[in-house]
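These notes concern the structure reproduced below.
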Ligand SMILES: NC(=O)c1ccc[n+]([C@@H]2O[C@H](COP(=O)([O-])OP(=O)(O)OC[C@H]3O[C@@H](n4cnc5c(N)ncnc54)[C@H](OP(=O)(O)O)[C@@H]3O)[C@@H](O)[C@H]2O)c1
């Protein structure tokens, strides 16, 4: 497939590496220009391009940036053909993104994204920590393979996203419509906890919407106090702290 990735940060870089290694034709862009994308992102064959060239003539476009980057790419994404699958990896952190009144008032994050761009999006890879995503992928059937929830309103979008998640070393779990995708937002039992496929349904069902922002903020405070703002610790630490928050 032809895949464009907007964002070459911690998640976008791993996506570019893994999806190109899986044989896809991958183009990747950041906000500063193709010459600034690190060579290790391109080692498996992804091509660095300007943002406008990462969206044209693609089967799949992956948004892998904070909400703060969205305004600049709005025209590129909102005009994509209906059949293009747009995958949103984003999470909302007011500490990083500034306060979004609509989300604070209860909008489901990726529904807000969908409305912002005025076209369907499917949510995937948002609930895996950046380091576990880079390091903990396993082949299908491996006993330690973790699952990633996928939510979207169009069945085909979910199917495409699940197939791609599978190729990145994780089981895709069909988590239903975007309206239900609050169950995989930061602070939820599936967020960064690396659960196996057979445990993820119960964890999604156990999510309590009103507690998510509090748990998200506690986790930001813990990580930031222990490691410094914006620093990603090793995979075990991310998973252990995320699981402890759900006890
Ligand atoms: N970190 C995690 O554990 C994790 C896990 C799952 C999902 N997520 C979510 O996934 C998204 C990306 O996270 P991240 O950790 O990869 O972020 P990051 O490391 O800060 O990287 C963000 C990337 O987006 C690019 N970008 C920003 N605005 C852009 C624009 N207008 N056009 C093109 N590229 C643009 C940046 O380019 P420049 O550097 O050139 O500005 C950078 O390459 C976030 O919403 C995050 O919440 C994060």
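Taking the conditions exactly as written (crowded, with 19+ Cβ neighbours inside 10 Å, over 14 Å from the mean Cα position of the chain (by Cα), at pLDDT 95 or above and closer than 19 Å to residue 216 by Cβ), does residue 108 satisfy them or not? Outline the logic, then answer.
Values: crowded, with 19+ Cβ neighbours inside 10 Å: yes; over 14 Å from the mean Cα position of the chain (by Cα): yes; at pLDDT 95 or above: yes; closer than 19 Å to residue 216 by Cβ: yes.
Judged against the criteria, residue 108 is a match.
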Checklist (1) crowded, with 21+ Cβ neighbours inside 10 Å; (2) within 20 Å of residue 237 (Cα to Cα); (3) in contact with a strand residue (DSSP E or B) (Cβ under 7 Å, 6 or more places away or on another chain) applied to residue 189, failing item: (3)
Count - residues of the stretch 214-231 that are without any contact (Cβ under 8 Å) to a residue 60 or more places away in the chain and closer than 21 Å to residue 148 by Cα: 2
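Residues 148, 200, 222, 238: which one is within 13 Å of the ligand (Cβ to nearest atom) and assigned to a helix (DSSP H, G or I)? First the steps, then the outcome.
On the way: 148 fails: assigned to a helix (DSSP H, G or I); 200 fails: within 13 Å of the ligand (Cβ to nearest atom); 222 fails: within 13 Å of the ligand (Cβ to nearest atom).
After ruling out the rest, the residue left standing is 238.
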Subset tally (residues that are over 16 Å from residue 167 (Cα atoms) and either out of contact with any helix residue (DSSP H, G or I) (no Cβ under 7 Å at 6 or more places or on another chain) or surrounded by fewer than 23 Cβ atoms within 10 Å (Cβ to Cβ) (or both)) for the stretch 8-18: 2
Residue 40 vs. criteria touching a helix residue (DSSP H, G or I) at 6+ places or on another chain (Cβ under 9 Å), without any contact (Cβ under 8 Å) to a residue 60 or more places away in the chain, surrounded by fewer than 19 Cβ atoms within 10 Å (Cβ to Cβ) and farther than 23 Å from residue 111 by Cβ: yes
Whichever residue in the stretch 215-238 is loosely packed, with under 14 Cβ neighbours inside 10 Å and under 18 Å from the mean Cα position of the chain (by Cα) and, among such residues, is modelled with the lowest pLDDT: 230
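Restricting to the stretch 10-26, name every residue that is in contact with a strand residue (DSSP E or B) (Cβ under 7 Å, 6 or more places away or on another chain) and either farther than 18 Å from residue 125 by Cα or more than 12 Å from the ligand (Cβ to nearest atom) (or both).
If the condition is that a residue be in contact with a strand residue (DSSP E or B) (Cβ under 7 Å, 6 or more places away or on another chain) and either farther than 18 Å from residue 125 by Cα or more than 12 Å from the ligand (Cβ to nearest atom) (or both), then 19, 20, 24, 25, 26 are the ones that fit.
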Of all residues making up the stretch 85-100, the number that are surrounded by 15 or more Cβ atoms within 10 Å (Cβ to Cβ) and out of contact with any helix residue (DSSP H, G or I) (no Cβ under 9 Å at 6 or more places or on another chain): 0
From 115, 157, residue being crowded, with 18+ Cβ neighbours inside 10 Å, more than 16 Å from the ligand (Cβ to nearest atom) and modelled with pLDDT of 95 or more: 157
Among (1) under 23 Å from residue 191 (Cα atoms); (2) surrounded by 14 or more Cβ atoms within 10 Å (Cβ to Cβ); (3) within 9 Å of the ligand (Cβ to nearest atom) - the single one residue 68 does not satisfy: (2)
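Listed residues 86, 131; which is in contact (Cβ under 8 Å) with a residue 12 or more places away in the chain and in contact with a strand residue (DSSP E or B) (Cβ under 7 Å, 6 or more places away or on another chain)?
None of the others qualify; the one that does is 86.
The values are calculated or read from the model by the stated rules, or taken from the named source; none is laboratory data. This one's a predicted model, so the numbers in the text were calculated from it and none came from an experiment. Glycine gets a Cβ as well: all are built from the backbone with ideal geometry, and neighbour counts include every protein chain shown.
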